[in-house]
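Written out below as structure tokens is the structure these notes cover.
The values are calculated or read from the model by the stated rules, or taken from the named source; none is laboratory data. Everything numeric here is computed off the predicted structure, so don't read it as measured data. Virtual Cβ from ideal backbone geometry, glycine too; neighbours counted across all protein chains shown. Only protein heavy atoms, including side chains, enter the accessible area calculation; ligands, DNA and RNA are left aside. Shrake-Rupley method; radii C 1.70, N 1.55, O 1.52, S 1.80 Å.
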Amino acid sequence: MASRLGSMLVVFSLLGGAAAVRAEQQVLPAIANLTAEQLFAVAFRPIIDNALKPPSMPDLLGDGLRRVAASDRTLGIVSVPGHLLLTREGVELSRVALPTDMIPERWANVTADMLRAIVAASPVIAQRGREQMWRDMFDGMMGDLDPYSRYAEPNRAQGERTQREGYDGIGVGIRTIDGYFEISDMVVDGPAATAGLRVGDRIFEVAGVRTHGLPYDRLSALIQGPEGSWVEMKVGPSEQRVRALTVRRRHLVPNTVQASLTDGVATIRIERFNNATQDNVRQAIQRYLDKGPVRGVILDLRGNPGGVMVQAVGVVNLFVPQGRIITTRGRNPSSIQWFEAQKPTTAFPDLPLVVMIDGQTASSGEIVAAALQDAGRALLVGSSTYGKGSVQHVTQLPNGGELFITWSRIYAPSGYSFDGQGVQPSLCTALPGITVPSLLAEAARGDRGEQALLARYRLAAPDDTEAMAALRAACPAKPADSVASAAATVSLARALLEDGALYRQALASRHINVAER
């Protein structure tokens, strides 16, 4: 699945690439005049206001500047009380006085002063350019906050926004062959497909401009445009067989949901969560229900790294009609939020459901797994998950980059935080010697107190190393592609749904009831 996801990313970077070029052309003058003071004033505000723990600005600044200076081994950054010093081989070149308050603009001014001093002192760093210098500064600072806070430079940020939010275009992937542009892929039911373009067609003309030999950026600028606008194209398998078409651009969000139906069991794989995930899951299941009975659904979250949190909440709500889905809590009062299921949004309240998870299921994937398990709505099979139970606040910066600041932890309905400990499956396929028949036999027997013990371990784990170790040892977090249990996980999921009585028995015995919560 990793290679398929990689392919999707390449295709969609082509689809969204022209929009990025157009945006760059519009903001280049502003970016050219952007100062470090302006950039870091915007960046320091969410760090100071939103970081999970109050940041030490002197440490943050010092570590960022050390990362910048590391490109020139003769330079050093030295911290002394109330000041930062720039040195060359131990000799002071410059110093700045550190603010005594938490006003972002003052810290931004100090940062800019020291960056200018570093550039003036080092031709090596000056040649690297300011974007590289800014990236080094952010990378050095983010490591002081937590493992998940990070900076995305402008190109990467654009690609990530496309994955999350979509782009305006016609929905084609393009490759170059002998100077010609050829359609390599298309969005199903996208504008290009609807208008009659086909994979393998060559693009000979766009908006009256011949395309042979054009730079790709120029072609992209011609094809892309605002949602609802039209583009005229001449395409065909060869110049002797050209068709004239008019295509209306629209907003497109990549579909990260793959669906299949075998013997009445639907398998829905979510590769990541973006702004269309809830709708895509609902539509995929409903298509199968419209054709006939569905015995159950396997929701495959293995390898899912997360994504848009509210979409994870929405996916849970498709199956759960009422009750808490998640709670988030952090230092900023605005980070204290709770999400409840809304009955009108629930589309499949009774469909039997098994969720496959592994050690690479993280973040929003863990939200879905934990909420469905706590609600008694699904059986979880596989290994324990990664353990990233936190939410990142995203700030778009004036240079087009983005800053992701961890600002809250996520709590499952039963009250535990899966940050660090992950979500434990109902039936574990990651232990040595485990077989599908042995797991089915385990599913058939009643609870012997394991669920209450699991609940106590989960609540204690953040402050109890023994409880944390016990949870991780009970079912190790392993990626599906690294253990023989991958096939067992799929076989177990299907077997549970094929035996309705066994499924109900396993679900009832592995549900942590309200009193235990």
- Accessible surface, the stretch 288-361, averaged per residue in Å² (probe 1.4 Å): 42 Å²
- Note on the structure: Listed by chain and number, the residues whose amide H is under 5 Å from that of ILE326, excluding neighbours fewer than 5 places away on the same chain and using placed H, are PHE339
- Share of Cα-Cα pairs in the chain beyond 43 Å, whole percent, is 30 percent
- Query: Given R₀ = 30 Å, FRET efficiency for LEU453-GLN337 by Cβ-Cβ distance, to 0.05?
  - Reply: 0.50
- Task: List the lysines whose Cα lies under 25 Å from the Cα of LYS388, skipping any in the same chain that are fewer than 8 positions away.
- Result: LYS53, LYS478
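Using a 1.4 Å probe on the protein heavy atoms, what percent of the accessible area of the stretch 184-336 belongs to carbon and sulfur? Could the numbers behind the result be given before it?
Numbers: 3230 of 6860 Å².
Carbon with sulfur: 47 percent of the solvent-accessible area.
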- Calculate the all-directions average of the projected area of the stretch 374-517's alpha-carbon convex hull, and give it in nm². 10.8 nm²
- Task: Per residue of the stretch 204-220, in order, report the coupling 6.51 cos²θ - 1.76 cosθ + 1.60 (Karplus, θ = phi - 60°) as ³J(HN,Hα) in whole Hz, putting x for Gly and Pro.
- Result: 9, 8, 9, 6, x, 9, 5, 9, 4, x, 5, x, 4, 4, 5, 4, 4
- Note on the structure: Sorted by chain and number, the residues with a modelled amide H under 5 Å from that of HIS393, at a separation of 5 or more or across chains, are ILE405, THR406, TRP407
- From the backbone phi of the stretch 130-137, what are the Karplus-calculated ³J(HN,Hα) couplings (6.51 cos²θ - 1.76 cosθ + 1.60, θ = phi - 60°) in whole Hz, Gly and Pro given as x? 6, 5, 5, 5, 5, 5, 4, 4
- Message: For TRP407, TRP107, give me the order by solvent-accessible area with a 1.4 Å probe, most accessible first, ignoring ligands, DNA and RNA.
- Response: TRP407, TRP107
- Item | Estimated translational D of the stretch 117-211 in µm²/s (Stokes, Kirkwood radius over Cα pairs; 37 °C; 0.692 mPa s) | 189 µm²/s
- Task: Note down the accessible area of HIS212, probe 1.4 Å, to the nearest 10 Å².
- Result: 100 Å²
- Item | Net length gained if the chain between ASN155 and THR435 were fully extended (0.36 nm per residue, minus Cα distance) | 96.2 nm
- Computed on alpha carbon atoms, what radius of gyration and Dmax characterise the stretch 39-180, expressed in Å? 18.5, 63
- In sequence order, calculated HN-Hα J values of the stretch 67-84 (Karplus, 6.51, -1.76, 1.60; Hz; x Gly/Pro): 5, 5, 5, 4, 6, 10, 5, 7, 9, x, 10, 10, 8, 10, x, x, 9, 10
- For every other residue with a beta carbon closer than 9 angstrom to the beta carbon of ASP139, add +1 if it is Lys or Arg and -1 if Asp or Glu, then tell me the sum. +2
- Task: Please list the non-local residues whose amide H lies under 5 Å from the amide H of HIS83, H modeled 1.01 Å from N, same-chain partners needing a gap of 5 or more.
- Result: LEU98
